[in-house]
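**Student:** Below is a structure I'd like to ask you about.
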Amino acid sequence: MTRSNQDDKNVKMPSYFDLPPLDVSLAFPQATPASTFPPSVSDYFQFDDLLKPEEQAIRLKVRACMEKEIAPIMTKYWEKAEFPFHAIPKLAELGISGGTIKGYGCPGLSITGSAIATAEVARVDASCSTFILVHSSLAMLTIALCGSEAQKQKYLPSLAQLKTIACWALTEPDYGSDASSLKTIATKVEGGWILEGQKRWIGNSTFADLLVIFARNTSTNQINGYIVKKDAPGLTVTKIDNKIGLRIVQNGDIVMKKVFVPDEDRIEGVNSFQDTNKVLAVSRVMVAWQPIGISMGIYDMCHRYLKERKQFGAPLAAFQINQQKLVQMLSNVQAMILVGWRLCKLYESGKMTPGHASLGKSWITLRARETAALGRELLGGNGILSDFLVAKAFCDLEPIYTYEGTYEINTLVTGREVTGFASFKPATQRSRM
Ligand SMILES: Cc1cc2nc3c(=O)[nH]c(=O)nc-3n(C[C@H](O)[C@H](O)[C@H](O)COP(=O)(O)OP(=O)(O)OC[C@H]3O[C@@H](n4cnc5c(N)ncnc54)[C@H](O)[C@@H]3O)c2cc1C
């Protein structure tokens with residue numbers, strides 16, 4: 001025990017020093033915390049009219065479930081950085097896992113339907129939407145687009161029902177933006193493959209039943225995909241602690257030491273990095289809808305808060321500067337939705353390019369960051385409390401700004417497409433200055 005600890009022990013503290021914090025609704029009765037989620041009021045340009053009836057229906061179903069089941073518990077789990085496993089059956093009932101995949105017990109939603117479902121989940125809790133996206137738009141979609149018929153039949157039905165959970169492991173400690181240079185290796189042996197290497201940041205990996213792992217084939221030097229089971233000998237996964245955003249998501253460090261994968265679990269359609277790009281094209285559209293949903297939630301929260309909270313004898317909503325900020329947030333949400341919607345339509349018509357998806361994701365995250373910063377100001381001191389959503393959403397946007405291609409990398413993807421010049425690698429010649 002250190003000296004200061006000993007000193008602390010000897011000091012006589014009044015009994016009220018040990019009391020738990022006051023419930024936020026008692027401590028701050030004037031405005032309602034996000035555990036009672038605010039009504040959805042951000043659809044100013046009536047985007048709903050652009051949706052098909054089945055897309056509108058899934059939107060309402062997801063919204064109702066998220067507001068009722070997740071909103072009351074999310075702050076607690078976010079603060080503890082734990083995953084609410086008991087909520088999985090509720091999320092499964094939504095029937096959105098598997099998104100656009102048709103057959104194999106998957107919902108076969110339109111890309112717009114899947115996107116709007118993602119936004120409605122993220123509106124209430126960004127971590128929940130990341131949990132589903134990693135599982136569904138990355139891992140399940142890799143199996144659906146690149147797996148064998150036998151793998152689809154074996155794995156997709158229980159993944160669609162969230163009876164088994166998957167993760168998707170591309171990033172490594174030494175290869176983040178430069179993912180295509182990854183160093184995890186897969187060596188062919190009799191009856192299967194031996195995987196050796198390390199992965200980092202992998203969402204859901206600490207409890208995933210199936211791990212979709214990308215590794216370099218030592219014979220071809222190309223990137224291949226493998227399905228690894230959670231209890232495979234030689235596999236260890238440890239949780240990454242101390243994240244400031246998406247704290248409910250369990251991100252892990254994966255270490256593989258001579259992990260054997262049988263031939264039947266090699267994903268036969270992943271034969272180069274380009275094959276992972278097929279999956280990333282769809283998932284990037286979904287990821288672009290996360291910041292849209294987060295911004296919708298922030299706007300809804302601020303809209304209610306400004307009407308409830310009074311200063312100088314008037315609701316905060318009555319002050320011009322606050323209205324200006326609120327309207328700026330609202331206009332951001334309208335523009336983000338329209339860009340996201342157009343992205344879906346380009347995808348549906350087969351016209352979406354990698355540059356389109358990257359521009360959508362990068363620009364939307366930029367506007368979402370601005371929206372969160374404005375919202376955080378509008379809530380004053382409560383703008384830094386996770387209980388009032390905006391602080392939590394503000395933090396949750398940071399990893400989204402960075403994952404599935406950072407803002408900068410996505411900008412460079414679009415830049416390459418519109419100029420014809422790739423600028424990812426620095427010029428090799430040193431400056432003479
Ligand atoms: C919460 C979270 C969840 C994640 N989940 C997963 C997951 O489930 N599966 C998975 O595989 N990965 C996952 N990732 C990893 C994520 O995709 C990477 O963090 C991301 O690709 C960036 O890599 P990096 O963090 O190594 O940053 P770096 O690549 O080191 O980049 C650092 C900075 O340098 C910039 N930079 C890098 N290269 C260039 C360049 N050529 N030109 C200009 N700027 C450049 C970047 O834009 C960034 O600003 C997750 C990450 C986080 C934070």
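What follows is calculated from the coordinates using simple rules that are stated; it is not laboratory data. For clarity, every value in this text was computed on a predicted model and none was experimentally measured. So basically every Cβ, Gly included, is an ideal-geometry build from the backbone, and we count neighbours across all protein chains shown.
**Student:** Compute the helix-to-body angle for 149-160: its Cα long axis versus the longest principal axis of the chain, expressed 0 to 90° and rounded to tens.
**Tutor:** Roughly 10 degrees, rounded to the nearest 10.
**Student:** Per residue and in cubic angstrom, what volume does the convex hull of the Cα atoms of the stretch 169-235 have?
**Tutor:** Cα-based convex hull of the stretch 169-235, divided per residue, equals 82 Å³.
**Student:** With angles folded into 0 to 90 degrees, how steeply does helix 407-419 sit against the dominant principal axis of the chain? Use alpha carbons for both and round to 10.
**Tutor:** Value to nearest ten degrees: 60.
**Student:** Report, largest value first, the span of the C-alpha coordinates of the stretch 234-346 along each principal axis, in whole Å.
**Tutor:** Sorted largest first, the three principal extents are 70, 38, 16 Å.
**Student:** Can I ask one more? Hey, got the Cα dimensions of the stretch 294-347 along the principal axes, in Å, largest first?
**Tutor:** Here the spans come out as 51, 17, 9 Å, largest first.
**Student:** Keeping to pairs on different chains or 8 or more places apart, tell me how many lysine pairs in the stretch 166-271 have Cα atoms under 19 Å apart.
**Tutor:** So the count of such lysine pairs works out to 19.
**Student:** Still on this structure: What is the extension gain from Asp43 to Asp174, computed as 0.36 nm multiplied by their sequence separation minus the C-alpha to C-alpha distance, in nm to one decimal?
**Tutor:** 42.9 nm
**Student:** Here's something else I'd like to know. Compute the Rg to Rh ratio over the stretch 320-383 from the alpha carbon atoms, using the Kirkwood formula for Rh, and round to two decimal places.
**Tutor:** Rounded to two decimals, Rg/Rh equals 1.13.
**Student:** May I pose another question? Using a 10 angstrom Cβ neighbour count of at most 10 plus a DSSP loop assignment to flag exposed chymotrypsin sites (Phe, Trp or Tyr not before Pro), which longest range of the chain is free of such sites?
**Tutor:** Answer from the scan: 1-311.
**Student:** Just the Kirkwood number for the stretch 274-418, please: inverse of mean 1/r across all distinct Cα pairs, in Å, one decimal.
**Tutor:** Hydrodynamic radius (Kirkwood, Cα pairs) of the stretch 274-418 is 15.9 Å.
**Student:** Please find the FRET efficiency linking Ser15 to Ala314, where r is the Cβ-Cβ separation and R0 is fixed at 30 Å, and quote it to the nearest 0.05. Present the calculation step by step, with values, prior to reporting the outcome.
**Tutor:** On the way: r = 40 Å, r/R0 = 1.35.
Calculated transfer efficiency: 0.15.
**Student:** Please give me, ordered by residue number, the trypsin sites (Lys or Arg not before Pro) of the stretch 149-224 that lie in loop per DSSP and have at most 14 other Cβ atoms within 10 Å.
**Tutor:** Sparse-neighbourhood loop trypsin sites (Lys or Arg not before Pro): Lys163, Lys183.
**Student:** Now a separate question. What FRET efficiency would be calculated for the residue pair Ala427, Gln274, taking the C-beta separation as r and a Förster radius of 35 Å, to the nearest 0.05?
**Tutor:** 0.85
**Student:** Ok, one more. Rounded to the nearest 0.05, what FRET efficiency is calculated for Glu54 and Lys307 with R0 set to 22 Å and r the Cβ-Cβ distance?
**Tutor:** Between Glu54 and Lys307 the formula returns 0.05.
**Student:** Translational D (Stokes-Einstein, µm²/s) of the stretch 336-433 at 37 °C and 0.692 mPa s when Rh comes from the Kirkwood sum over C-alpha pairs?
**Tutor:** My calculation gives 211 µm²/s for D.
**Student:** Lys310: which lysines have alpha carbons under 22 Å from its alpha carbon, excluding same-chain residues fewer than 8 sequence positions away?
**Tutor:** Lys325
**Student:** Among Cys167, Cys128, which comes first, second and so on when ranked by fewest other beta-carbon atoms within 10 Å? Numbers along the way, then the final one.
**Tutor:** On the way: Cys167 29, Cys128 23.
So the residues, fewest neighbours to most, are Cys128, Cys167.
**Student:** Here's something else I'd like to know. May I ask for the distance between the Cα centers of the stretch 49-98 and the stretch 328-388, given as a whole number of Å?
**Tutor:** Between the Cα centres of the stretch 49-98 and the stretch 328-388 lies a distance of 20 Å.
**Student:** Could I ask something else about it? Have a look at the DSSP beta bridges in the chain and tell me what percent are antiparallel, nearest 5.
**Tutor:** 85
**Student:** If I fit a long axis through the Cα atoms of helix 273-308 and take the longest principal axis of the Cα atoms of the chain, what angle between them do I get, 0 to 90°, rounded to 10?
**Tutor:** It works out to around 10 degrees.
**Student:** Also, I was wondering about something else. Which ³J(HN,Hα) values in Hz, rounded to whole numbers, follow from the phi angles of the stretch 175-191 under the Karplus curve 6.51 cos²θ - 1.76 cosθ + 1.60, where θ = phi - 60° and Gly and Pro get x?
**Tutor:** 3J(HN,Hα) across the stretch 175-191, in whole Hz: 9, x, 4, 8, 4, 5, 8, 3, 10, 4, 10, 10, 10, 6, 10, 4, x.
**Student:** Also, I was wondering about something else. With the Cα gyration tensor of the chain in hand, give its eigenvalues times 5 under a square root as the equivalent ellipsoid semi-axes, listed largest first in whole angstrom.
**Tutor:** Values: eigenvalues 280, 153, 103 Å².
With the √(5λ) rule applied to the chain, the semi-axes are 37, 28, 23 Å.
**Student:** A further question on this structure: Got a sec? Which residues in the stretch 244-280 would a label at Ile88 touch, if it sits 7 Å along Cα→Cβ and we count backbone N under 20 Å?
**Tutor:** Residues 247-254 qualify, since their backbone N sits under 20 Å from the label point.
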